[in-house]
């Protein structure tokens, strides 16, 4: 729900959006936590009565007085049957407890996965709306990490984090109640080490996290070293530096081990302390309850139950430290995800949008256009004024960095030009609904991006409603169809990582089909045939001649051969138009265009030797 | 982990791999033995708790022997202290073994990588190799230090409990253990299901991540083609698949633990019923019954964990397979060893019918023949893709010829010790590689034998000194990764200093094409002259000044030598060189 995403800016809104929407299921989950623990404390209680019954039967020193209801029950059964009944009850209690535990886990952990799913979707949808500028400022890896590591931390907080917390609280309350019922004195004394355990765990977890960060830092150093070493392997080999590199690496590696061992020592002492303190509670319990039994204030059955409760309590209390930590990390990760969610997209429809514009013809005007990228000081385009009448072809030539691509990228509003400086059919770009604007532009970018999907999917990428005949036309014009026999599954061949690896030229031709299939009013080819061989290129140009009729076309190219028949050629230098005119005019002018032409003739002649 | 790697994961256990892994354990066999011994001791102590409870109940509590109970408590306390020490020792010992092995493995991987031929790095992306040295080794460590050892520990406890129960009352023990096959079967079932569904989860998360990554990198295309809605739908599909897979694992987990507890309850029920009867019959004491109840509870924990350990083992196997894949790659022939260093070379380089290709079917150099006499300075020119870089790479054996021979002073370079060969030839590459470290480090690299005044001398000679001393910490200024705090020209001067510092007999220089300001241009020109002075030099020339300074020029075209001669001769010939010259230098000169 992209609409709600925009409103999630604070942690509170985050909780409202993702937590409270499942209020009823959370409540149900909590109910099952309660029920699980009610039955969990039942098992030791059954043990207690069973053992007490045995004590009663044995008689002797520890003379046990059974509660009257138990005596009544016992008198109804034979010894054999009574024990069998006790056994059966303990199994039934475990079964009911298990059922609730199953429901608890299923609901609460399942819920956290569902929230994870929802956040991931919202995150993805939001990413899709963000402008190109945002992606220049954020590394892919970083954006990915938020959708993976951070999301998992948030999930852990909302799933196991919440569940264990509830579990610890209720289980502690219940078992404490039972223990106090058995013997308040033994409860107090034997539980003395428990708070100490909780505090130690909490403190050590903090320490462990610190050490862990140190280890991660060193791990990064090792990674960086390997990366540098392998990237610079040519230099290193040329200078026979391998032995020194190994020595350097040895030091890093050793330091890594040293830091790891530091953590190992802290962990080892933490575990042995926990073991010791827990053992101490059992020992205290054994000793004190033994004394109580001797004094007739407790039964052996009670003692057995008591010890069972103690071991039941141990884990939740130890895990408290981890749970708290889970919460802390979850909050931090949540903030990182939210910071992306907060990013706004400036390039979108707004109150300026004129919704009556539903189609475009393709007359392009630049009016004293000066443009600089956000956050930079030097303009990339300087005072460009130019009109491309509908159906005409404009060619842009110039050196790398002259601003050719930027000029083209302003049309579909990948970046926003200053108001009033770019118009299509006389409308300022900002007044045209974004969907309408982009629908009418077919842009073949310099770098071809294909998806790991079928060829057909990649070609119908922006026009999945296009008829089959249009598809055939598109693949014919781009000449991809000539390679069809190279694709094992025809147009259904997978491309990319898991499928066929296309050559650079094939990729570009797929991209051209993709753009043409949209049947655009404005066709932009940004160095779109650089990897295509000359022969195929010629064929494509021939086909494109038909396509270009009636469409406004913008060609960006280094090769004179591709631009010479354009209606208008402009030469860009450092963001300014330095020459413009038709091919013959520019040649006659003997300027920059002419120099370029001469060079290319030379290169061509070399190529032919 | 990529989808591809994830799909190959599946092999659980491979005895051949295991044997090789054990090889890494060998140097630490005494530590391992000690760890096992301590583990056994620890298991014994763990068994002692219920036993002491039994004694306390039967021999002391039931007869009101307070002093006896105190003795037991004291003994228990001592055991607790012992256990704390043992827990500490085992954790420390086993982790240390794991860490050491990890260290050894990283070292051998890294050292091995250093010896692999350059062509290996062309085939294997850096990212993948980094994963081998970092991630995969880490995965293996998890198995070695916590996996294997705790599996042993758990096993000892299990066996110990069975033995103890048998000794107490073998009939009750047998009855209690009746559920054992049931547990094993449940665990097995759980393990298979959970493994499969976790593989599904990993596969699907990998799909999500690659789709996400694709969308981020291709965001412009997505927006240009207004694909947002469709891609959202597709992402939702992938995301939902992942959710479904996860819900399945949650189901298995949610079922498994309660089932194990139920089986445990059956055991407890059996003890209550049969044990209870024995107590009444006086063939079993109450204390033993209590001890049984406690043993049963301890019995189930390790079994529960065992299945998780299995997963660990599985991914470790996959990781070790990948690691050994690297270690098994043959290293480059280092040439004869133990040979006395060659006498200083005269510096004659000869190519005899040399052909070379990165792939078998496509030669980038064809039948190249030439001889460079000692002390001569030669420029190599040619269009992009003519084979210039490949040519110079053959001289110091970064690559080896597909056919033909490269001679240095009349000796086949393949017969020279590799490090000796490279020590005598220095390369200055077009793309200057700056290592993270100080300026000084970048000049003399790791070679501690080069004195500082040599570094200073080299820097001064190539005009690098002036800008270096203006840096915040002079020669000790830390350069960032890839030298982003230096200008292009400065980086070049630095690499010249590097080459001069090592005082090579033969210099190979791949001139940079990037343009620099006029002042720096002048410095670079001077520096190149200094570098070439008095040594055989081969230069891929891009500067007019350079080709005017060399003795003769070698023109490569499409992998073949097409023209050789001095600048004037070649210009007069009006051939390829003439055109190249016009293309490359005319504009510069104008």
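Among the residues here, residue A:585 does not qualify as over 23 Å from residue A:545 (Cα atoms) and assigned by TED's automatic domain parsing to the domain that holds residue A:394. Does the range B:96-115 contain at least one residue that is under 25 Å from residue A:288 (Cβ atoms), at the interface with chain A (Cβ under 10 Å from one of its Cβ atoms) and outside any loop (DSSP other than H, G, I, E, B)? No: the range B:96-115 contains no residue that is under 25 Å from residue A:288 (Cβ atoms), at the interface with chain A (Cβ under 10 Å from one of its Cβ atoms) and outside any loop (DSSP other than H, G, I, E, B).
I'd like to check something: does the range A:246-267 contain any residue that is touching a strand residue (DSSP E or B) at 6+ places or on another chain (Cβ under 9 Å), within 7 Å of chain B (Cβ to nearest Cβ) and crowded, with 21+ Cβ neighbours inside 10 Å? Scanning the range A:246-267, I find no residue that is touching a strand residue (DSSP E or B) at 6+ places or on another chain (Cβ under 9 Å), within 7 Å of chain B (Cβ to nearest Cβ) and crowded, with 21+ Cβ neighbours inside 10 Å, so the answer is no. Residues satisfying the criterion are absent from the range A:217-235 (criterion: in a helix (DSSP H, G or I) and in contact (Cβ under 8 Å) with a residue 60 or more places away in the chain). With respect to residue B:41, is the statement that it is part of a helix (DSSP H, G or I), more than 8 Å from chain A (Cβ to nearest Cβ) and within 30 Å of residue A:217 (Cβ to Cβ) true? Taking the combined requirement at face value, the residue does not satisfy it.
Screening residue A:518 on (1) within 33 Å of the chain's Cα centre (by Cα); (2) over 23 Å from residue A:460 (Cα atoms) shows it passes everything except condition (2).
Is one or more of the residues making up the range B:207-217 more than 9 Å from chain A (Cβ to nearest Cβ), under 35 Å from the mean Cα position of the chain (by Cα) and within 25 Å of residue B:250 (Cα to Cα)? The answer is yes; a qualifying residue exists. When residue B:284 is tested against (1) assigned to a helix (DSSP H, G or I); (2) more than 7 Å from every other protein chain (Cβ to nearest Cβ); (3) in contact (Cβ under 8 Å) with a residue 40 or more places away in the chain, just one condition goes unmet, and that condition is (1). Only residues that are crowded, with 20+ Cβ neighbours inside 10 Å and within 26 Å of residue B:409 (Cα to Cα) were counted in the range B:512-531, giving 2.
Just one of the numbered conditions (1) at pLDDT 85 or above; (2) within 35 Å of the chain's Cα centre (by Cα); (3) over 20 Å from residue B:426 (Cβ atoms) is not true of residue B:470: (2). Scanning the range B:221-270 for residues being farther than 30 Å from residue A:90 by Cα, in contact (Cβ under 8 Å) with a residue 40 or more places away in the chain and within 7 Å of another protein chain (Cβ to nearest Cβ) gives a total of 1.
The lone criterion from (1) crowded, with 17+ Cβ neighbours inside 10 Å; (2) within 27 Å of residue B:579 (Cα to Cα); (3) at pLDDT 90 or above left unmet by residue B:353 is number (1).
Yes or no, residue by residue, for (1) in contact with a helix residue (DSSP H, G or I) (Cβ under 6 Å, 6 or more places away or on another chain); (2) assigned by TED's automatic domain parsing to the domain that holds residue B:575; (3) in a strand (DSSP E or B):
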| position | (1), (2), (3) |
| --- | --- |
| B:366 | no, yes, yes |
| B:374 | no, yes, no |
| B:384 | no, yes, no |
| B:392 | no, yes, no |
| B:398 | yes, yes, no |
| B:405 | no, yes, yes |
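Among the residues of the range B:60-74 satisfying the criterion of being more than 7 Å from chain A (Cβ to nearest Cβ) and at pLDDT 90 or above, which is surrounded by the most Cβ atoms within 10 Å (Cβ to Cβ)? Filtering first and then ranking leaves B:72. When A:175, A:190 are checked against the criterion of being more than 30 Å from residue A:108 (Cα to Cα), buried (at least 20 other Cβ atoms within 10 Å of the Cβ), away from chain B (no Cβ under 11 Å) and in contact (Cβ under 8 Å) with a residue 12 or more places away in the chain, A:190 stands alone in meeting it. Residue B:188 satisfies every condition listed in (1) facing chain A (nearest Cβ under 7 Å); (2) more than 22 Å from residue A:113 (Cβ to Cβ) except (1).
None of A:89, A:119 is under 30 Å from residue B:220 (Cα atoms) and either touching a helix residue (DSSP H, G or I) at 6+ places or on another chain (Cβ under 8 Å) or more than 9 Å from chain B (Cβ to nearest Cβ) (or both) except A:119.
Could you tell me whether any residue of the range B:577-590 is within 46 Å of the chain's Cα centre (by Cα), assigned by TED's automatic domain parsing to the domain that holds residue B:459, within 22 Å of residue B:468 (Cβ to Cβ) and part of a helix (DSSP H, G or I)? No: the range B:577-590 contains no residue that is within 46 Å of the chain's Cα centre (by Cα), assigned by TED's automatic domain parsing to the domain that holds residue B:459, within 22 Å of residue B:468 (Cβ to Cβ) and part of a helix (DSSP H, G or I).
Considered as a group, the residues in the range A:464-495 that are touching a strand residue (DSSP E or B) at 6+ places or on another chain (Cβ under 9 Å) and within 14 Å of chain B (Cβ to nearest Cβ) include one that is nearest to residue A:541 (Cα to Cα), and that residue is A:495.
Whether a residue is touching a helix residue (DSSP H, G or I) at 6+ places or on another chain (Cβ under 6 Å) and away from chain A (no Cβ under 14 Å) was assessed, and residue B:537 does not pass this test.
The rows are residues; the columns are (1) in contact with a helix residue (DSSP H, G or I) (Cβ under 8 Å, 6 or more places away or on another chain); (2) more than 9 Å from every other protein chain (Cβ to nearest Cβ); (3) farther than 13 Å from residue B:502 by Cα.
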position	(1), (2), (3)
B:416	no, yes, yes
B:423	no, no, no
B:447	yes, no, no
B:451	no, yes, no
B:459	yes, yes, no
B:462	yes, yes, yes
B:470	no, yes, yes
B:474	yes, yes, yes
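Only a single item in (1) closer than 26 Å to residue A:129 by Cα; (2) outside the structural domain of residue A:571 (by TED's automatic domain parsing); (3) touching a helix residue (DSSP H, G or I) at 6+ places or on another chain (Cβ under 9 Å) is not met by residue A:351, and it is number (3). When the helices (runs of 4 or more DSSP H) confined to the range A:465-552 are screened for residues that are crowded, with 20+ Cβ neighbours inside 10 Å and touching a helix residue (DSSP H, G or I) at 6+ places or on another chain (Cβ under 6 Å), those reaching at least 3 such residues are found at A:468-477, A:504-517. Filtered by the rule that a residue be surrounded by 21 or more Cβ atoms within 10 Å (Cβ to Cβ) and assigned to a loop (DSSP other than H, G, I, E, B), the range A:403-415 gives A:403, A:411, A:412, A:413, A:414. Here is a check on your reading of the model: is residue B:54 without any contact (Cβ under 8 Å) to a residue 12 or more places away in the chain and either in a helix (DSSP H, G or I) or facing another protein chain (nearest Cβ under 7 Å) (or both)? When the stated conditions are applied, residue B:54 does not pass them. Of all the residues in the range A:103-112, those that are facing another protein chain (nearest Cβ under 7 Å) and surrounded by fewer than 21 Cβ atoms within 10 Å (Cβ to Cβ) number 2. Screening A:79, A:111, A:54, A:127 for residues that are closer than 30 Å to residue A:349 by Cβ and assigned by TED's automatic domain parsing to the domain that holds residue A:34 leaves exactly one candidate, A:127.
The values are calculated or read from the model by the stated rules, or taken from the named source; none is laboratory data. No experiment lies behind these values; they were computed from the predicted model shown. Neighbour counts are summed over all protein chains in view; Cβ atoms, including those assigned to glycine, are modelled from backbone coordinates with ideal geometry.
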